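Since the structure comes first, as structure tokens, the remarks are kept for the end.
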Amino acid sequence: MGIAKRYPAMGPAEQQRIQQQMGAWARLTPDQRRLAREQYKSLKQLPPEKREQVQQKWQEYQQLPPEKRRELATRGAAAPPAPAKP
């Protein structure tokens, strides 16, 4: 709701970015949305220094060429899930 209130005051580039993000979210399956929410919650619970490390890794990932990102995504999707901690 907050984004909807701020949307009219945003510049064209920011409005376009928001529209792209909303479109990407709308294309997710319910399970993918649930997983995204869970990951967001777990990141919010990390200590600040760990959160900063995750953010730095994400920025490094974003700077990779698209081919390398696809390769990592494919490799990550094929990886077996981690065993549950007792």
Checked against the positive end of the charge dipole of the chain (+1 on Cβ of Lys and Arg, -1 on Cβ of Asp and Glu, about the Cα centre), the farthest of GLN16, PRO66, GLN39 is GLN39
Given the -39500 (n - 2.57) contribution per DSSP H run of 4+ residues, what per-residue ellipticity at 222 nm results for the chain, rounded to the nearest 500 deg cm²/dmol?
-23000 deg cm²/dmol
With every protein chain kept in place and ligands, DNA and RNA left out, what is the accessible area per residue of the chain? Probe 1.4 Å, answer in Å².
93
About its Cα centre, how strong a charge dipole does the chain have in debye, to the nearest 20, once Lys and Arg get +1 and Asp and Glu get -1 at the Cβ?
260
Rounded to the nearest 10, the angle in degrees between the Cα long axis of helix 48-62 and the longest principal axis of the Cα atoms of the chain comes to 80
Within the stretch 7-49, what whole-number % of the accessible surface is contributed by carbon and sulfur, with the 1.4 Å probe and all protein chains included in the calculation?
58
Extension gain GLN39-GLN59, at 0.36 nm per residue separation less the Cα-Cα distance, in nm?
5.5 nm
Could you work out, for the stretch 11-66, what percent of all Cα-Cα pairs fall into each 10 Å distance bin, beginning at 0 Å and stopping at the bin that holds the largest distance?
20, 31, 45, 4
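The values are calculated or read from the model by the stated rules, or taken from the named source; none is laboratory data. Quick caveat: nothing in here was measured; it's all calculated off a predicted structure. Cβ sites come from the backbone with ideal geometry, for glycine too, and all protein chains shown count toward neighbours. Surface areas here come from the heavy atoms of the whole protein model, side chains and all, with no ligands, DNA or RNA. Shrake-Rupley method; radii C 1.70, N 1.55, O 1.52, S 1.80 Å.
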